[in-house]
Amino acid sequence: MSETPTDELLYALDASGIARITLNRPQARNALTFGMYQGLIDLCGRIEADPAVKALVIAGAGAKAFAAGTDIAQFRSFKTPEDALGYERFMDRVLGTLERLRVPTVAAVAGACTGGGAAIAAACDLRIATEDVRFGFPIARTLGNCLSQGNLRRLSGLIGQARVRDILFTARLVGASEALAIGLVGEVVADTPALEARATELATLLASHAPLTLRATKEGLRRLQEGDEGAGEDLILSCYMSEDFREGMEAFLAKRPPEWKGR
């Protein structure tokens with residue numbers, strides 16, 4: 001998979017520790033190239049290594065789309081079984097990397113959010129959307145491909161298998177009110193400016209909370225989705241044996257805000 005041009009995937013980090021990734025192909029409704037997917041992996045690695053990052057917001061450029069799936073032109077070279085299997089393995093790596101990211105992630109979704117774009121949003125921890133959002137995987141009436149087991153697991157964990165069957169079999173797109181009702185998104189706002197403001201507000205709140213608590217919760221839920229119902233002793237110890245846990249106790253008793261350090 002090729003590297004992405006920097007202008008198709010924008011990255012910024014502000015002074016409060018909020019990182020932002022913008023899918024930046026508005027002329028193509030932010031359809032994703034293989035290079036952009038690889039760029040997401042690379043940026044996740046950068047975030048993982050940067051202790052200054054406390055939360056991540058992912059959005060699409062413009063008001064028409066979060067991302068309208070994978071750019072169809074990317075599939076024209078597919079000829080062999082390995083082309084298909086390699087693509088789905090690659091996508092599982094992209095989404096798994098995002099899912100395992102140590103910081104909380106917020107998908108700020110406006111307009112069309114389909115295919116690979118919907119998969120990216122589903123891999124984030126929280127999703128907020130505009131009133132004109134259209135979310136789905138219309139592959140049964142378009143490409144005729146299928147979702148990987150990893151994607152089916154992730155979607156089923158969000159909305160249940162019955163709704164996944166409904167959305168995939170009918171190939172329909174889910175609007176804002178239904179997405180909110182079934183838990184596909186957590187909030188709906190009026191328009192793109194409101195979405196940007198709310199995403200910043202939510203990310204700022206997340207960045208102010210105990211990072212080890214958020215990390216342990218993310219990882220514990222991910223393991224449960226994959227069928228791992230172990231005791232999670234490593235996650236328990238990562239919090240209870242930390243400097244942050246001691247700081248939290250002392251701050252609570254002293255009636256002052258805690259100063260989290262993530263260790």
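The values are calculated or read from the model by the stated rules, or taken from the named source; none is laboratory data. For clarity, every value in this text was computed on a predicted model and none was experimentally measured. All Cβ positions, glycine included, derive from the backbone under ideal geometry; neighbour counts span all protein chains shown.
Return the only residue of A55, A61 being assigned by TED's automatic domain parsing to the domain that holds N145, buried (at least 22 other Cβ atoms within 10 Å of the Cβ) and under 19 Å from the mean Cα position of the chain (by Cα).
Only one candidate passes the filter, namely A55.
Filtering the stretch 208-238 down to residues that are hydrophobic (A, V, I, L, M, F, W, C) and part of a loop (DSSP other than H, G, I, E, B), which residue is farthest from A59 (Cα to Cα)?
A231
With the requirement that a residue be under 29 Å from G157 (Cβ atoms), among the acidic types (D, E) and surrounded by fewer than 15 Cβ atoms within 10 Å (Cβ to Cβ), what does the stretch 224-263 give you?
The answer is E226, D228, E229, E233, D234.
Conditions first: (1) at pLDDT 95 or above; (2) in a loop (DSSP other than H, G, I, E, B). N145 passes all but one, so which condition is the exception?
(1)
Just need a number here: residues in the stretch 191-211 that are among the aliphatic types (A, V, I, L, M) and touching a strand residue (DSSP E or B) at 6+ places or on another chain (Cβ under 7 Å). Working first, answer last.
If we filter the stretch 191-211 for residues that are among the aliphatic types (A, V, I, L, M), which is where we start, we get 194-195, 197, 199, 202-203, 205-207, 210.
Imposing the further condition that a residue be touching a strand residue (DSSP E or B) at 6+ places or on another chain (Cβ under 7 Å) reduces the set to 195, 199, 202-203, 206-207.
Number of matching residues: 6.
Taking the stretch 145-171 as the region of interest, how many residues are surrounded by 15 or more Cβ atoms within 10 Å (Cβ to Cβ) and small (G, A, S)?
Qualifying residue count, the stretch 145-171: 4.
For the stretch 28-38, indicate whether the set of residues that are buried (at least 22 other Cβ atoms within 10 Å of the Cβ), out of contact with any strand residue (DSSP E or B) (no Cβ under 7 Å at 6 or more places or on another chain) and within 15 Å of I120 (Cβ to Cβ) is non-empty.
Scanning the stretch 28-38 turns up at least one residue that is buried (at least 22 other Cβ atoms within 10 Å of the Cβ), out of contact with any strand residue (DSSP E or B) (no Cβ under 7 Å at 6 or more places or on another chain) and within 15 Å of I120 (Cβ to Cβ).
Every residue, every condition in (1) free of Cβ contacts under 8 Å to residues at least 12 places away in the same chain; (2) closer than 30 Å to K261 by Cβ; (3) among the aromatic types (F, W, Y); (4) outside any helix (DSSP H, G or I), yes or no:
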position	(1), (2), (3), (4)
R165	yes, no, no, no
L168	no, no, no, no
S177	yes, no, no, no
G183	no, no, no, yes
P193	yes, no, no, no
T200	no, yes, no, no
L206	no, yes, no, no
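Condition first: touching a helix residue (DSSP H, G or I) at 6+ places or on another chain (Cβ under 9 Å), in a helix (DSSP H, G or I) and over 12 Å from G69 (Cα atoms). Now tell me which residues in the stretch 13-45 satisfy that.
Hits for the stretch 13-45 are G35, Q38, G39, L40, I41, C44, G45.
Quick check on D83: is it surrounded by 16 or more Cβ atoms within 10 Å (Cβ to Cβ), more than 25 Å from A190 (Cα to Cα) and acidic (D, E)? Steps first, please.
Numbers: surrounded by 16 or more Cβ atoms within 10 Å (Cβ to Cβ): no; more than 25 Å from A190 (Cα to Cα): yes; acidic (D, E): yes.
It is false that D83 is surrounded by 16 or more Cβ atoms within 10 Å (Cβ to Cβ), more than 25 Å from A190 (Cα to Cα) and acidic (D, E).
Show the residue pairs that are 6+ apart or on different chains and have beta-carbon atoms under 6 Å apart, the first residue being within the stretch 213-236 and in contact (Cβ under 8 Å) with a residue 60 or more places away in the chain, the second being surrounded by 15 or more Cβ atoms within 10 Å (Cβ to Cβ) and assigned to a loop (DSSP other than H, G, I, E, B).
So the pair list comes out as L214/P104; R215/R102.
Within the stretch 79-90, is there a residue that is over 23 Å from I128 (Cα atoms), polar (S, T, N, Q) and either outside any strand (DSSP E or B) or not assigned by TED's automatic domain parsing to the domain that holds A216 (or both)?
yes
Checking the structure you have, find out if any residue of the stretch 112-131 is surrounded by fewer than 16 Cβ atoms within 10 Å (Cβ to Cβ) and either out of contact with any helix residue (DSSP H, G or I) (no Cβ under 8 Å at 6 or more places or on another chain) or more than 19 Å from L95 (Cβ to Cβ) (or both).
Taking every residue of the stretch 112-131 in turn, at least one turns out to be surrounded by fewer than 16 Cβ atoms within 10 Å (Cβ to Cβ) and either out of contact with any helix residue (DSSP H, G or I) (no Cβ under 8 Å at 6 or more places or on another chain) or more than 19 Å from L95 (Cβ to Cβ) (or both).
Being without any contact (Cβ under 8 Å) to a residue 24 or more places away in the chain, exposed (fewer than 14 other Cβ atoms within 10 Å of the Cβ) and part of a loop (DSSP other than H, G, I, E, B), is that true of even one residue in the stretch 65-74?
No, the stretch 65-74 contains no residue that is without any contact (Cβ under 8 Å) to a residue 24 or more places away in the chain, exposed (fewer than 14 other Cβ atoms within 10 Å of the Cβ) and part of a loop (DSSP other than H, G, I, E, B).
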